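One structure is given below, encoded as structure tokens.
What follows draws every value from the coordinates through simple rules; no lab data is involved. No experiment lies behind these values; they were computed from the predicted model shown. Glycine also receives a Cβ, built like all others from the backbone with ideal geometry; neighbour counts cover every protein chain displayed.
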Amino acid sequence: MLPEDCLSVVLSFTSPEDALRSSLVSSVFRSATDSDMVWERFLPPDYPEIVSNSVRPLEFRSKKELFQCLCDSVPIDGGNKILKLEKSTGKKCYILSAQQLSITWSSNALYWSWIPMAESRFSRVAVLRTTDWLEVRGSIRTQMLSPNTSYGVYLVMQVLERAYGLDLMPLEMRLEVGNKVCCTSVFLEEKKQMSEREDGWMAMELGDFFSGDKDEVVKMSLMEIKGCHLKAGLVIEGIEFRPKLQNMISK
């Protein structure tokens, strides 16, 4: 018996997943769920900036349609970043392209190639031709992410069939948030340390952190502990920041 606008207010305090489930109850719930009041609350506060920075124009007639648009991979900032909202929670997921990372000697064509790949969402990926020292660094500010959220950091990559030398020496994975530092070691060709994504790429977790409610710089690196041997065949698409929530499926 609640008025529709009151029902919309109540639904806005739930989650996108719960609101969509509620829309199946009745036509009244469906109408209340479609309200801009509901989806304005589910959208990130900086959605106007996201829309203006989108590489391709986003077509929407309501806040609900805008939310659905942002649940797809949206290239922003000249195509060097990708934003995606988790459908169930509205939490932000970001991928920084390889071109947004600092890769040692990546400007030298003898060591790295920058090429387009049909399966990549970015214009170019970094392909390791040969090197005796591997070092990849990147950073992001927590204000770009959803606040008070646990995030996993993942290297989005492929290992080519002609790869060699990637399993000879361990790499140090380092994640820094403020004064908190986490370090682990990994071999790039150890399949148990990777997960296959639905888009065909592999993901290797570099660490995790809690975004909190204040702005901090998150720094991550993948660095060879001991060099002096050749390696090749690694393809880097970028680094992903993905919310780590139970019962959530990566896409």
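Overview of results
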| item | result |
| --- | --- |
| Local electrostatic count at G79 - Lys and Arg +1, Asp and Glu -1, tallied over other residues with Cβ under 14 Å | +2 |
| Reference-scaled alpha-carbon Rg (2.2 N^0.38 Å with N residues) for region 1-119 | 1.41 |
| Relative contact order computed over the chain (Cα-Cα under 8 Å; 6+ residues apart), in percent | 20 percent |
| When region 4-72 is reduced to its Cα atoms, the Kirkwood hydrodynamic radius in Å | 12.4 Å |
| With 5 Å bins from 0: P(r) over the chain, alpha-carbon pairs, percent | 1, 6, 12, 16, 16, 14, 11, 8, 6, 4, 3, 2, 1, 0, 0 |
| Label-point separation in nm, F13 to Q100, each point 7 Å along Cα→Cβ | 3.5 nm |
| The chain: calculated mean residue ellipticity at 222 nm from DSSP helix runs of at least 4, using -39500 (n - 2.57) | -4500 deg cm²/dmol |
| Neighbour-limited loop hits for chymotrypsin sites (Phe, Trp or Tyr not before Pro), region 1-89 (at most 10 other Cβ within 10 Å; DSSP other than H, G, I, E, B) | F13 |
| Cα-Cα over 29 Å, subset of K84/K231; K63/K180; K91/K219; K84/K219 | K84/K231; K63/K180 |
| GluC sites (Glu not before Pro) restricted to region 1-81 and DSSP loop, no more than 14 other C-beta within 10 Å | E59 |
